[in-house]
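To keep things clear, I will list the structure first and then write my remarks on it.
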Amino acid sequence: MAAPDPNESASPLDGAPRLRRARRLLVRLLAVLGVGLGLCVAAYVALLVFLNSDFVHQEVLSQIHERLPESLAHFEFGDTYGVDWLGRVRLGPLKVSSASKGRPFASVEEIFVRPSYTALLHGKARPARIVLRRVQLETGSRDDIKRLVDRLRDRPTSGGKRGDDETSSSVALVFEELVLGRTGPKGFETAYGPLSADLRYSREPTGRSVKGRAFLPGDGTAGLEASLSKGAPVTLTLEADDLKAVTLPDFITSRLPVRMERGTLGGKLRIEAPTDFTTGTAEGNLFLRGGFVRNERLSAEPVGPLDLSVETTLRWNRAKQKAELPRLRLSLGKEPSALHVLADADVSFVGDRPFRFDAHTEPLAYPKLLAALPPQLVPGPEIPRPDGPLSATAKLSGDLKKPQEWKVDVKLDLAAFKKVARDTPFYLAGPFQYEPQESVGPPRKIWVGDKNPDFIPFDQLPEYVYRAVTCSEDRFFFSHQGFDFVEMKESFVEAAEKKRLRGASTMSQQLAKNLFLSRERTFSRKAKEALLTVLLESALSKQRLFEIYLNIIEWGPNLYGIGEAARFYFGVDARHLTVKQAVYLATIIPSPIRTYVFFDKGAINDVWEERIRTVLGRMRDDGVITEEQYAQAEAEPLLFRPKDEGGGQGAPSAPP
């Protein structure tokens, strides 16, 4: 047999049988795969049909009810139900009814649950992501929440049904919209969201714990950690960071005394208490950075930037009806210029509810005190800033039901500050020019000094003249340090009982207002007034303060200073006023424009006569005048000068 010629090429048809066999094998394999895939698809479709059936729907609801706390009345699901091709379950709407009140206190429009696919591979059904659409909660349902916590804590941790071998699980929770509200006459409703959170649930033989972190609008985050152990107190830890003030929900901001427009909030709170919260301890801190707040009673413009932090510990005992605040530390401003206030308090809710509140500030230099405050609360640059320290202590105690009997003890430590302030140049120490801001008639400039012929030095006035003013306006002017805290307390009590607010400003505060501030009624002006009062009381003597006060205050339309007033009303030099004339001028200081009608009519009425008699009685009781002088002043007719004689500077007739 001849050998094949190597130069002869092989026929292309020699490999055809092998190729045909390979093709037939591939076709058979694809057919098997197709049949298998078709069977899988059919099985999956059949499974979806089964999962979406009424039978499974009822079984799911049955399993949910079996696992829910029995201490609550009932959970009611609506007819919405479905399972999509990714295995996500849709349920709703859900209503949770109160066991005690018989009405829903929580509801969810729809619930979407995506299972954990990893758990499904192990034959377990566990949610990996839950989306809640429009959740509505009734606030004030503390009893229902307590029953829920008790049930969760006391549930057995072994021997149950599915999933008891698992000690922990994680789930992503999303609230598309959270609506909080309350029914009743003072009801409200406010929406917030969207919110998302990652929660981890752990189960041990002794109890359960939950850890989670929520992601809030505005890039803020909040953390939660709770422990529910049988026979042990509940521990709950809440923390928040980088919360933008403008993203806070309305149900919080609407209850604040101010509206927050800017700033970042954060803090941490830890509570340890039994589930009935009859006793417990709460420790926490809260801070605000770069905040701006608005309230028309606070200021006409937003107040800020404001840096504030609070650290506190609170203990309560409902059985003893007592609460304690053993530690409170409030810091205002940035270090090293921050103002620190330390306080502690306790209150009993038995009987008349006795309470105690003690506070003190750490010593702080005056310039640093001004730097700690927002600029809207700080006086202008025209005032000196002595670099001396000052501090304060405050004690308040009594029965909550008897505010009129509260004991108030507030002390300012200005000794070291005064030494520095008296050596700091201040233009008010010598002659200066004063321009009233809200005078009636043409603008005036008043020289406070010897250049003004109507200027009356303090040491040239009879004692009964300036003591008439103190007995009418500020009885303890020469003994207080610029503030009459007892009078402030009385004003507060009167406002609370009679719903009427009266002034409690001292002459030093009135002087600070007249010299530097407008007449606007805001808390920012009062803050400036307080800072200026401290400065005036420290930098100037009481006699100089009184001298300036008497020579610049308003006594009628376009009438300023006691020299002008004495000449205009009585045609005499202020040094020669009678006791009754001096008392009359003192009584018209609070409302000089309104009382000008007496001069216009030429006589005072019986009401004002009684007011003069009251001040005369105080002067007698304080030893300023004798009994004989009192009787003489009481019997003296008050005669104004004739209008046609003129009175020099000042309005010649009644204001419009």
query: Residues 269, 238, 228: which one is of a type in the set (A, V, I, L, M), touching a residue at least 24 places away in the same chain (Cβ under 8 Å), part of a strand (DSSP E or B) and farther than 28 Å from residue 290 by Cα?
result: 228
- line: Filter region 574-598 for residues that are in contact with a Phe, Trp or Tyr (Cβ under 8 Å, 6 or more places away or on another chain), free of Cβ contacts under 8 Å to residues at least 60 places away in the same chain and crowded, with 21+ Cβ neighbours inside 10 Å; the one that is nearest to residue 633 (Cα to Cα) is 581
message: One residue is enough: does region 390-399 have a residue meeting the conditions touching a helix residue (DSSP H, G or I) at 6+ places or on another chain (Cβ under 8 Å), at pLDDT below 95 and in a strand (DSSP E or B)?
response: yes
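Residue-by-condition table, conditions (1) modelled with pLDDT of 95 or more; (2) out of contact with any Lys or Arg (no Cβ under 8 Å at 6 or more places or on another chain); (3) farther than 29 Å from residue 393 by Cα; (4) assigned by TED's automatic domain parsing to the domain that holds residue 360:
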residue: 408; (1), (2), (3), (4): no, no, no, yes
residue: 416; (1), (2), (3), (4): yes, yes, no, yes
residue: 421; (1), (2), (3), (4): yes, yes, no, yes
residue: 446; (1), (2), (3), (4): no, yes, yes, no
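To keep it simple, each residue is scored yes or no on (1) more than 30 Å from residue 304 (Cβ to Cβ); (2) surrounded by 14 or more Cβ atoms within 10 Å (Cβ to Cβ).
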| position | (1), (2) |
| --- | --- |
| 379 | no, yes |
| 382 | no, no |
| 391 | no, yes |
| 416 | yes, yes |
| 419 | yes, no |
| 434 | yes, yes |
| 437 | no, no |
| 442 | yes, no |
| 445 | yes, no |
query: Pairs under 7 Å by beta carbon, first residue under 16 Å from residue 369 (Cα atoms) in region 512-537, partner among the charged types (D, E, K, R), six or more apart or different chains?
result: 529/513
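Only one residue in 418, 411 is under 15 Å from residue 539 (Cα atoms), charged (D, E, K, R) and not in a loop (DSSP other than H, G, I, E, B). Which one? Even if it seems obvious, please write down each step before you answer.
Numbers: 411 fails: under 15 Å from residue 539 (Cα atoms).
Being under 15 Å from residue 539 (Cα atoms), charged (D, E, K, R) and not in a loop (DSSP other than H, G, I, E, B) holds for just one of 418, 411, which is 418.
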- line: Matching residues in region 241-257 (free of Cβ contacts under 8 Å to residues at least 60 places away in the same chain and surrounded by fewer than 18 Cβ atoms within 10 Å (Cβ to Cβ)) number 10
field: Residues of region 320-365 that turn out to be surrounded by fewer than 16 Cβ atoms within 10 Å (Cβ to Cβ), outside any strand (DSSP E or B) and over 20 Å from the mean Cα position of the chain (by Cα), as a count
entry: 11
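Kindly evaluate residue 570 against the criterion of being at pLDDT 95 or above, in the same structural domain as residue 638 (by TED's automatic domain parsing) and in contact with a Lys or Arg (Cβ under 8 Å, 6 or more places away or on another chain). Steps first, please.
Details: at pLDDT 95 or above: yes; in the same structural domain as residue 638 (by TED's automatic domain parsing): yes; in contact with a Lys or Arg (Cβ under 8 Å, 6 or more places away or on another chain): yes.
Yes: the conditions hold for residue 570.
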query: If you go through region 493-506 one residue at a time, do you hit one that is of a type outside the set (Phe, Trp, Tyr) and at pLDDT 90 or above?
result: yes
Close pairs (6 angstrom Cβ cut-off, 6 or more residues apart or separate chains): under 17 Å from residue 462 (Cα atoms) in region 625-643, basic (Lys, Arg) and in a helix (DSSP H, G or I) anywhere: 630/620; 633/580
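The values are calculated or read from the model by the stated rules, or taken from the named source; none is laboratory data. Model, not experiment: these values are computed from the prediction. We place every Cβ from the backbone using ideal geometry, glycine too, and count neighbours over all the protein chains shown.
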